[in-house]
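Bear in mind that the values in this text are calculations on the coordinates, not laboratory data. Remember, it's a predicted structure, so these values are computed and weren't measured experimentally. Here the Cβ is made from the backbone with ideal geometry for all residues, glycine too, and neighbour counts use every protein chain on show.
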Amino acid sequence: MAKQNDCEVWQEKRAFEETNMHMLNEGTFCDITFHVGPNKVEIKAHKFILASRSPVFYAMFCGPLSQTGSNVVEITDIEPDIMQTLLRFMYTEDCPINEETVLPLLYAAEKYNIKRLDDKCQIFLSEKISIENVCIVLVQAEKYNASDLMDKCLKFIESNCSKILMSDDFCVLPRDALQQILQLNDLAVNEVEIYNGCKKWAVHQLHMVDKNKNVGHSDIRETLGELLYLIRFPIMSIKDFTTQVSLEEVLSPGEKIYLFQYITAGIKSDNFKFNDKTRMQNVIIRRLSDTQSGWIHNGPSDAIGFVLSKRSTMYGVGLYTPLEKNGKLNGSVCLYGNGGSLLVKKDVDIQHNEFDKTEQILFDNDVCLEPIVRYTLQVTLRGCQSFSGSHGKQEVVVGDLTVSFFNSKSTINKNGTSVKSGQIPFLILSVNPSAV
C-alpha cells in the first residue's frame, strides 16, 4: 500500500482517470483477482469500478447469483493483454485500439456489455474497412449484431464486389454471410463473376474437409445447395450463359433449357426457381484518364460540377492517393445541390497505397440524384502531394446514363481542378434500369 507522503505525488494534481489507473497499476485496495488466459495470468482490479461500468460485473459481484466471499474469477476466453486493455478503458474511458486488438476487444466488450467500448471498436472497424478485411469484419458484425457496421460492410462489398470475389477471405465466409451478399441488389459486378466466385467458395469449402478431394461440378452444386438459386442466371448476357454456364454441369440440363428460354425469349416455365430481378447497376464514372504526379494540398479546395441524364443513386467518389511513401492526406468531401445546399459531408483520411493511385470514398448514406440538376463536388485536403489526372472528359456515357461535367465557381474551386485535369477522378453511382 502506498505511503502517506506518496499521496502528495499521485493524488493531488492528477485527474480522476489518472488516479484510477494508478490504483490499478499499483494494486492498491484491489479486491478481485482474475486468472486470465490458458496460463492463468493474475490480474487484480476493484469490484467497485467494474460493477459501476459493466452490468455483467455488477451481476457477478452484487446480483442475486453473486458468490459471496469469492474474490477469484477464471477467464479462459480472453488473452491477458486484451483483459488489461479492457480494464484500462473501464478505469479511464480510453484505450489503444489497432488492427490486431480490435476484434478480441469487441468480443470482450460484448461479453461484459461495455457498450461504449463496443461502439469504439465498431467505429474503428468501419473506418478501416478494406478489400482485404471486409469479409472478416462482416462476419464479426453479424456475430455481435452490429447492424450499422454490417450495413457499411455490405455497402462496401456492393461497390467493390469484383475484387472481393477474388480475395482469399471471400472463400472462408460462412454460408449465411454469402447468402446476404447474393441477396444484394446493388452488386457492381457482372453476374457471371458472381457465379465464378460462388464456385470458388464451394471448392474451398470442400477442400477444408478433404484437401485432396477432386472436386467436380456435382460436388459444387451439392455444396451450394439453395444458394445456387440466388445467383441471377436469368440476367446474364446470352454470351456469358452460352460460352460458360451452359458448358458446365453445375446446372441440370432442364435448368439450362428453361434459363436459355428465359434469356432469349422471356419465357418463364412453371418450375422457374431462379431470381430474375435485375440488379441495380453500379458504375464508375471515370472523368480523368491519364495519371500524373505532383498535386499540392495545403487547404484550398478542388471542385467539379456535374449533371445527370437520369435519376441515380450516388455512393461516393474517387480520390487520388498520396504520392509519397507513408504519405497522408486528411480533410473532407462535400456534395452540394442546387443553390449550394449541402447534401453530404464526409471526413476522409487517405494514405499512400503502393498498389493503387486512387481510393474509393464511400458516403455514410446514399444520395438520390435527380436528372438535369446541377451538383458540385468539393474536396478540401491537407498533407503531402498526391497524384492527379489529365485528359478529362466533359461527357461520360455508360449505357443510357450520361454524366456531363462543368467547371465549378472559383469561390469554391481554388486549387486548380477543372474539367480537363486535377482531382476527383471518378464518381460511384448506382443506376436503376427502370429510372427515367
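Observations
- Of the residues making up region 278-312, those that are on the phi < 0 side of the Ramachandran plot, over 20 Å from the mean Cα position of the chain (by Cα) and assigned to a strand (DSSP E or B) number 15.
- Restricting attention to region 386-414, the residues that are of a type outside the set (A, V, I, L, M) and not in a strand (DSSP E or B) add up to 14.
- Lone qualifier among Glu132, Glu74, Glu158, Glu79 - being under 22 Å from Gln180 (Cα atoms), in contact with a strand residue (DSSP E or B) (Cβ under 9 Å, 6 or more places away or on another chain) and not aliphatic (A, V, I, L, M): Glu158
- Of all the numbered requirements in (1) closer than 26 Å to Val397 by Cα; (2) among the hydroxyl-bearing types (Ser, Thr, Tyr); (3) part of a loop (DSSP other than H, G, I, E, B), Tyr315 misses one, and that requirement is (3).
- Checked against (1) in a loop (DSSP other than H, G, I, E, B); (2) touching a Pro at 6+ places or on another chain (Cβ under 6 Å); (3) β-branched (Val, Ile, Thr), Ile82 meets all criteria but (1).
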